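Structure record follows, encoded as structure tokens.
Readers should treat all values here as calculations from the given coordinates under stated rules, not as data from a laboratory. No experiment lies behind these values; they were computed from the predicted model shown. Positions of Cβ are generated from backbone atoms using ideal geometry, with glycine treated the same way; all protein chains shown enter the neighbour counts.
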Amino acid sequence: MVMSSNITINNVNPDLAVLGSVQRIIYDSTDPLVRTEVFGQFVPIIGTNSVIDLELRNSNLAGFRLKQTSATTDTFAFGKLELQYYVNDADTTGTTVWQYSPGTTTGAHTFYSGSPPSSNSLILTLNNTAAIYSKPIYGRRVTGLMYFSSNATATTTMVANTWMKVLGTTFLAATGSEITMPSNNRLTFTSSDPSNPVPTVFLTANFIFKNAGAASAAITTFAIAKNGVSINPVSLTTIAASSTNNNSVSIRVMTTASNADYFELWVANSVTNTPGITVTDGSISIESA
């Protein structure tokens, strides 16, 4: 004769210590369907959630928590499921690293960076139609361009062999990434996201200049400067003692760009030039190497 019975446990010590490094739940090998179940019998009212927490914690009372949250306002009866980490026994809210939230037409898997000490930061959302909506991933594709157009402002009172920032009105191209132009003749790398390694960039300048007035023939040198220091290579050009001769210059340099680094076009003359020079047209661009 086979006898069967049901055993109902009304309460288990929540701090029950289990001895041994391995614990097993062994099911009958003849049963084709086995399962372990956790029931929450609380019936929520409006505005009150029913929460079931399954926690794995170490000797520091920190670990991971699988949380099911249900409310009568949920569209689906099974509620929301999320995976959290927590740092101590008092950390009852935890930090979410993954969450499944069902909706009226689509359910969504949401992933967070969840790295302490910062708060949750959305990385990616994947809905049940397999469409991916993600936070923009910063690829360090640095691009930007400013240009002179029919500029008539001269860089004047040039002392022999002394670097000066080229004066004049510049314009920032409408398209670009991580680059601003806070003032004339200045491209600034602006990013709130750190990069390791620091991005390497190319800077290219192509422009036309001339003497602003009657001046001696001389060697005029142009350079791209980073944070107020010229970068090699530079470009040397012989100019005539004329205010009508246009000269064409090209420069290309490679350097790194960190947040707040700025780049400008500079000029120096081999002799004193009081009227100075005028960069009339041209552009200075920056792009990832």
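Sorting MET146, MET164 on the 10 Å Cβ count, fewest up front, what's the list? Walk me through the numbers before you get to the answer.
Values: MET146 24, MET164 16.
With the fewest neighbours first, MET146, MET164 line up as MET164, MET146.
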Practice item. Figure the gain on full extension for SER216 and THR169 (residue separation times 0.36 nm, minus the Cα-Cα span) and round it to one decimal in nm. Key: 14.3 nm
Point to revise | Size of electric dipole in the chain: Cβ of Lys, Arg +1 and of Asp, Glu -1, about Cα centre, debye, nearest 20 | key: 1000 debye
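I need the GluC sites (Glu not before Pro) found in region 17-95, filtered to DSSP loop residues with at most 14 other beta carbons within 10 Å of theirs. Don't jump to the answer; show the numbers that get you there.
Details: sites: GLU37, GLU55, GLU82; in loops: GLU37.
Listed in order of number, the matching sites are GLU37.
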Exercise for review: List the aspartates and glutamates whose Cα lies under 13 Å from the Cα of LYS165, skipping any in the same chain that are fewer than 8 positions away.
Suggested key: GLU264
Review point. Along the charge dipole of the chain, which of THR170, ASN13, GLY79 sits closest to the positive end, that is, farthest toward it, with unit charges on the beta carbon of Lys, Arg, Asp and Glu (+1, +1, -1, -1)?
Key: THR170
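Roughly speaking, what % of Cα-Cα pairs in region 201-245 are separated by over 17 Å, rounded to a whole number? Before the final figure, lay out each step's value.
Numbers: 420 of 990 pairs.
In whole percent, the share of Cα-Cα pairs in region 201-245 beyond 17 Å is 42.
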Practice item. Work out Dmax and Rg for the chain from the C-alpha atoms and quote the Rg first, both in angstrom. Key: 34.1, 121
**Study point:** Projected area, mean over directions - region 143-288, Cα convex hull, nm²
**Key:** 7.9 nm²
Exercise for review: Starting from the Cα of THR72, step 7 Å along the direction of its Cβ; do the same at ASN227; then give the gap between the two resulting points in nm.
Suggested key: 6.3 nm
